[in-house]
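What follows is one structure encoded as structure tokens, with my remarks underneath.
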Amino acid sequence: MANHLCFDITVRCRELLASITSEERTKLVEFANYRLKYYGMREHRDEELYQDAVCAIIRGWDGVDGVGRKANDWCLQDKAHFLKFVQGAIRSIANGWYKNWRSTQQRHHVSADLLYEMLMGQHKGHVEYLDLTRELFKRLYQQAPSRLWPTITAWKNSLDLTKIPCTTSRKHRDAVKKLAQKILAEMAITRSGTKSPAWVTSGSQAHTVTPEATAGVNEPFDS
Amino acid sequence: MNAATAKLGPFFTTSEIQPHPGKRVHDLGIVMTWGKPRQEARLYHNLRENAPKAFSFDFVSIHEDDAIEDFDYQPTLARETRYGTFFPLSAYLAKLYELGNVNRNIFSMLAELDNLLPKERLVTAEDDKYSPISSKPKPQAPADPPTGLLATELEMQGFRITTVSPENGRVSLEIDWLPKPGGRLFFTGILELRQIPAGISGLWVFPGPCGVNHLLQREFQKLCASPNACLTPAGIKHCFKGVSTQTQMSARHVFVWPTICALT
């Protein structure tokens, strides 16, 4: 029964979306422009905002909880109500663009860059890995003030050693990271050449790029 | 170490394109370097789901491991992948300048970035694959906005008015910074002005997205003493065409630039 209802809503939603005329579409884009201006954002993103709203409505058809904008009976009564529904989606997304500020401070861990690079390539059971971690934590306990010990202990006991957990405070976590980097440098394990991100494998092909060549990198992907 | 040299940068150079970290995050083959000892970060393009062909400076990103400072960003401009989060570059640049970790002229830095990045392409009606109607594509904004509207010193520095929206006795101006003729427009802010008998009062409409636009707004305010002085007589005539002069001033409007408050 629920599937039938969902199917009905999808069909009705699709019909109403297909019935939007050029004039109505222009008005909706103008509405998007107005919302952007209201929030002090670039007005040229009005088309993008409108399309994001349509995408959200289409995602809502799938009926997956928490994804997209879900239409209800009120929205699907007639076209006027449906246009209001689209306007609501635009308003909501513009509000989200403006208000949902987030800080990287809210992330509860930081990656220890040097350790990350070294450990990713090695198996956890490998003797070099075990030696490296044993020596690192031994020196950390020796050199760190006692206030950092809870963070070091939590890090040592964590399953993913490439991330330092935040147990007491961010300040302590960052201090542990700095100290670990210093110790690793002392152990003569330094970066060689330019740092490569984790997704770059040693055998991958890289090529030199010019500013002109970068113009083609944003080709549509296969989705 | 000399304190000034410790803050050199940021500089941008092309490098080898590395494999893309994901379908929706592409490596741009550009590396940003700053400071002494040298810090570096690779630049990526965070592709939009509904318009992968579009390119905007707002969607240029850096990887979380390259960001050494905590900073505020817009989550809609960030992308989470299995390799970590990619944060908007603009917000990170603003933070680096705010902390004083870099000391390069903001205009030189953005001009260099403009040269290296792919050409700007906004989302247009052509990208709308969901709309069944064959609506006419919206005409694009002219490549070079008109000149002679802003005060001479502002226009010499590259500031331009790109959009004028009159409404209820006031006018909203979109101010952008143009590094060179035909270059990309870096968003500075929306300036709301009202013409009153004593002159022109105005303010920036909200702080807008956190990013380099805050730095550009600061530079704009340095060059122009007050909202009253930012338009030329021709600019006033052009912008306030058809707008009635209001005797009552909005409480928010001021004669001097307001302090831009940080978002909390």
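Just so you know, all these numbers are worked out from the coordinates, no wet-lab data involved. Everything numeric here is computed off the predicted structure, so don't read it as measured data. Counting neighbours? That spans all protein chains shown, and the Cβs are built from the backbone with ideal geometry, glycine included.
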Check your understanding: Per-residue mean of other chain beta-carbon atoms within 10 angstrom of the beta-carbon, peptide A:47-56?
Key -> 6
Revision key, fill the gap. Excluding residues fewer than 8 positions from residue B:7 in its own chain, the aspartates and glutamates with Cα under 17 Å of it are B:40, B:66, B:69, B:98
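Could you work out, residue by residue across A:31-44, how many beta carbons of other chains sit within 10 Å of that residue's beta carbon, and then give the average as an integer? The partial results should precede the final answer.
Working: counts 0, 0, 2, 3, 0, 3, 8, 4, 6, 14, 11, 16, 8, 14.
Mean number of neighbouring Cβ atoms from other chains: 6.
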Study note, to complete from the structure: Total charge of the residues flanking residue A:155 in space, meaning their Cβ is under 12 Å from its Cβ, with Lys and Arg +1 and Asp and Glu -1, is +3
Check your understanding: Leaving out same-chain residues fewer than 8 places away, which lysines sit with a Cα under 21 Å from that of residue A:163?
Key -> A:124, A:138, A:171, A:177, A:178, A:182, A:195
Check your understanding: Could you state the number of Å between the C-alpha centres of region B:22-80 and region B:191-231?
Key -> 29 Å
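Arrange A:54, B:164 by Cβ neighbour counts within 10 Å, fewest through most, would you? Please list the in-between numbers first.
Values: A:54 22, B:164 18.
If I rank by nearby Cβ atoms, fewest first, I get B:164, A:54.
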**Study point:** Karplus-derived HN-Hα couplings along region B:107-119 (A = 6.51, B = -1.76, C = 1.60, θ = phi - 60°), whole Hz, x at Gly and Pro
**Key:** 5, 5, 5, 5, 5, 5, 4, 4, 5, 8, 6, x, 4
**Study point:** Amide H within-cut-off set for residue B:39, under 5 Å, with H built and near neighbours excluded
**Key:** B:34
Study note, to complete from the structure: Taking a straight Cα-to-Cα line shorter than 14 Å from residue A:156, and setting aside same-chain aspartates and glutamates fewer than 8 residues away, one finds A:131, A:135
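What pairs from B:23/B:129; B:23/B:53; A:37/B:119; A:37/A:79; A:27/A:84 go past 21 Å between their alpha carbons? All intermediate terms of the calculation are to be shown ahead of the outcome.
Working: B:23/B:129 19 Å; B:23/B:53 13 Å; A:37/B:119 24 Å; A:37/A:79 26 Å; A:27/A:84 12 Å.
Over 21 Å apart, Cα to Cα: A:37/B:119; A:37/A:79.
Calculated FRET efficiency, residue B:167 and residue B:225, Cβ-Cβ r, R0 30 Å, to nearest 0.05? Present the calculation step by step, with values, prior to reporting the outcome.
Details: r = 26 Å, r/R0 = 0.86.
So the FRET efficiency works out to roughly 0.70.
What is the sum of charges around residue A:15, taking Lys and Arg as +1, Asp and Glu as -1, for the other residues whose C-beta is under 12 Å from the C-beta of residue A:15?
Numbers: positive: A:12, A:14, A:79; negative: A:8, A:78.
Value of the local net charge: +1.
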Review point. If we sort A:11-24, B:111-124, B:145-158, B:57-70 on the protection proxy, mean other Cβ atoms within 10 Å, highest first, what's the order?
Key: B:57-70, B:111-124, B:145-158, A:11-24
**Study point:** Spacing of the two label points (7 Å from each Cα toward its C-beta) at residue A:78 and residue A:135, in nm
**Key:** 7.9 nm
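Could you tell me which trypsin sites (Lys or Arg not before Pro) in region B:12-54 are loop residues by DSSP with no more than 15 other beta carbons within 10 angstrom of their beta carbon?
On the way: sites: B:23, B:24, B:38, B:42, B:48, B:53; in loops: B:23, B:24, B:38, B:48, B:53.
Listed in order of number, the matching sites are B:23, B:38, B:53.
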Review point. With Cβ to Cβ distances under 12 Å as the rule, what net charge do the other residues near residue B:234 carry (K, R +1; D, E -1)?
Key: +1
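Take every residue in peptide B:38-45, count the Cβ atoms of other chains within 10 Å of its Cβ, and give the average of those counts.
Values: counts 0, 0, 2, 1, 5, 1, 2, 3.
Partner Cβ neighbours, averaged per residue: 2.
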Check your understanding: What list of ³J(HN,Hα) couplings, whole Hz, do you get for region B:176-190 from phi and the Karplus terms 6.51, -1.76, 1.60, once you set θ to phi - 60° and write x for glycine and proline?
Key -> 10, 10, 10, x, 7, x, x, x, 6, 9, 8, 5, 9, x, 9
**Study point:** Placed amide H near residue B:22: partners under 5 Å, 5+ positions off or other chain
**Key:** none
Study note, to complete from the structure: Expected sort for B:84-93, B:194-203 on mean C-beta neighbours within 10 Å, highest first, is B:84-93, B:194-203
